[in-house]
Every structure is written in structure tokens, then in C-alpha cells.
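Enquirer: Before I ask anything, let me first share the structure, which is written out below as C-alpha cells.
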Amino acid sequence: MKRIQLTAPDYGLTFGIDRALRQLAQDGLLSAIGCVVASDLWSREYLPLRDAVDAVRHHTRVGLTLTLTGPHAPLSVRGRELFGEQLPRARWWRWRDRLRLVPDEVLAEETDAQFTCFEEFYQRPAEFLHVGDDLLACPRIARVVLKQTGLRRVRPSIVSPFPTDPAARPGRAEKRLARLARENGLRIVPRAPSFPTSPGRKALEQHVWRGLNGQEDGAVVLCQPGEVDDRLRRSEPRAAQEARQAQLDFLRSQAFSLLIVEKDIFLY
């Protein structure tokens with residue numbers, strides 16, 4: 001028997017994605033949902049999520065997806081002063097991290113602002129933290145984010161940005177992140193390979209059948225299911241839309257339910 005945390009990290013991006021994630025949670029097909037509070041939809045979509053999660057007997061974990069990239073706007077005062085109405089691209093953060101030029105105070109305030117926004121609307125602390133675009137792999141960003149997270153009254157678990165290879169030993173970056181987490185009283189949750197983004201059903205079936213072999217119990221598996229709506233069509237390329245719909249159809253299918261039974265995998 002193995003338990004995985006099948007996690008959709010982008011609640012709040014579009015109404016179609018949000019509807020799909022709520023229904024999957026109600027049907028027991030998702031373990032966890034990460035919320036993008038930097039989205040302009042969060043203030044309208046938090047309550048339907050809370051109601052959906054509370055209406056079922058199984059526990060769906062709800063956490064924060066810390067968003068540091070556009071097209072979203074910063075929530076903090078310093079973030080708006082530095083970036084204006086749109087956060088920078090992921091490559092800007094990675095470049096600044098390599099040059100040791102990460103704006104520490106701005107990042108700290110933005111991290112705190114997004115935690116506060118989650119808690120003020122959802123009225124509960126985040127159960128986990130996932131950093132979008134895997135920017136937690138950047139050591140200087142990780143240092144600031146984990147320090148701010150460690151100051152929360154209720155500390156969330158941290159989703160690792162490094163998918164685990166069962167045949168390999170942890171690398172230097174993984175060890176450094178684990179040390180930072182311990183110093184701040186935080187726990188890193190291991191990460192298994194994410195669902196493939198190819199639109200074909202075969203690749204998704206193979207991923208469940210073989211791709212999760214050897215992973216630690218409780219490892220996070222990221223997925224991105226969603227219904228395609230007008231907002232999604234404007235914001236993502238067609239291939240990404242097709243991948244989301246394919247993942248949604250797969251999770252709803254009898255094939256997925258049979259596969260996890262055959263592999264003795266549990267989502268809760």
C-alpha cells in the first residue's frame with residue numbers, strides 16, 4: 001500500500017479550472033489543492049472551495065501556491081512599488097538569484113502578504129506551501145521564503161521543488177533545502193514526478209503504472225486538470241489547454257480508478 005498526495009496547485013486561475021478541482025475533490029480524486037491568491041478570482045472562488053471541501057467526509061488538504069510571476073499583480077506594497085501591476089517572469093527571479101541580487105525585503109513582504117490573503121479569506125491556515133515555477137529550487141529565494149514561512153503561527157509543510165529519483169542520492173541542492181527547512185522548523189514533503197503534459201491518455205496511464213514506482217509514501221504528485229473556458233483560452237497555448245482537459249478526463253475515468261486499485265495506491 002502506498003499513499004500519494006495528488007495535488008492540483010492552481011486553484012484560482014480560471015472558473016473552469018476551479019469548477020473541475022472542486023468536483024474532483026468532492027469525488028475523492030484529489031488529495032490536495034493549492035490556491036493562487038494573487039489571482040483576481042480568489043476573492044470570489046475561496047468560498048465555493050471551502051464549502052466543497054467541508055461537504056465531504058475525506059480530508060482534502062488546502063494550501064497556498066506562492067506566486068511570484070506574472071501575469072498576476074503583487075499583493076504587497078513593496079512589490080507594487082518595485083514591479084508595478086505585474087510580477088516579473090520566472091527567469092528574472094532565477095537570474096537575480098544567480099547574481100545574488102534577490103530583493104530580500106520585497107520577497108519577504110510579498111510572501112507574508114500572500115499568506116495573509118489566504119488566511120483572511122479562507123479563515124484557516126494553509127496546510128502546505130508550494131512555490132510556483134519551482135522557484136524554491138533557487139537557494140536565495142528559498143532562504144527568504146522559508147524564513148517567512150517559519151514565522152507563521154501554524155507552519156505549513158513545504159512541497160519540494162525537486163522530483164525524487166528513487167535510484168539516486170539527494171543532491172547538494174536538496175540537502176541545502178532540507179537544512180534550511182530544519183533551521184526554520186519546517187518539514188519538506190518529497191515530490192514524485194508530475195503528471196505528463198502530453199494530451200494522450202496512454203502517457204498518463206503509464207505514469208501511474210510505472211512512473212510512481214519506488215517513491216516515498218506520502219509523496220506529492222502535481223497535476224493540472226481543468227475545463228477549458230474563455231479565460232483559459234486567452235491565457236494559455238492550445239497544447240496546455242489540451243493537456244489540462246486530458247488530465248481531467250483521465251482522472252474522471254474508470255481507468256484511473258482501476259489503476260490506483262491495481263497499484264494499491266491511496267489518495268487519502
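Enquirer: All but one of (1) in contact with a helix residue (DSSP H, G or I) (Cβ under 7 Å, 6 or more places away or on another chain); (2) basic (K, R); (3) more than 18 Å from A8 (Cβ to Cβ) hold for R231; state the number of the condition that does not hold.
Expert: Among (1) in contact with a helix residue (DSSP H, G or I) (Cβ under 7 Å, 6 or more places away or on another chain); (2) basic (K, R); (3) more than 18 Å from A8 (Cβ to Cβ), the lone unmet condition for R231 is (3).
Enquirer: Just for helices (runs of 4 or more DSSP H) wholly inside region 205-265: which have at least 3 residues that are within 20 Å of I4 (Cβ to Cβ)?
Expert: 238-252, 254-262
Enquirer: Need a quick list: helices (runs of 4 or more DSSP H) entirely within region 65-142 having at least 3 residues that are crowded, with 16+ Cβ neighbours inside 10 Å and aromatic (F, W, Y).
Expert: 104-122
Enquirer: Would a scan of region 14-26 turn up a residue that is assigned to a loop (DSSP other than H, G, I, E, B) and not polar (S, T, N, Q)?
Expert: No, region 14-26 contains no residue that is assigned to a loop (DSSP other than H, G, I, E, B) and not polar (S, T, N, Q).
Enquirer: Which members of region 11-58 meet the condition of being farther than 19 Å from C223 by Cβ and either touching a Leu at 6+ places or on another chain (Cβ under 7 Å) or among the charged types (D, E, K, R) (or both)?
Expert: V37, A38, D40, R44, R50, D51, D54, R57
Enquirer: Let me ask something else. Does F256 satisfy being among the aromatic types (F, W, Y), more than 22 Å from Y11 (Cβ to Cβ) and crowded, with 16+ Cβ neighbours inside 10 Å?
Expert: Spelling it out, it is not the case that F256 is among the aromatic types (F, W, Y), more than 22 Å from Y11 (Cβ to Cβ) and crowded, with 16+ Cβ neighbours inside 10 Å.
Enquirer: Go through region 155-175 and give me each residue that's outside any strand (DSSP E or B) and at pLDDT 95 or above.
Expert: Listed by number, the residues that qualify are R155, P156.
Enquirer: Let me ask something additional. I'm trying to understand the selection: among the residues of region 27-59, which are assigned to a loop (DSSP other than H, G, I, E, B), free of Cβ contacts under 8 Å to residues at least 60 places away in the same chain and touching a strand residue (DSSP E or B) at 6+ places or on another chain (Cβ under 8 Å)?
Expert: Those that are assigned to a loop (DSSP other than H, G, I, E, B), free of Cβ contacts under 8 Å to residues at least 60 places away in the same chain and touching a strand residue (DSSP E or B) at 6+ places or on another chain (Cβ under 8 Å): none in region 27-59.
The values are calculated or read from the model by the stated rules, or taken from the named source; none is laboratory data. Because the structure is predicted, anything quoted here is derived from the model rather than measured. Note that each Cβ is placed from the backbone with ideal geometry, even for glycine, and that neighbours are counted across all protein chains shown.
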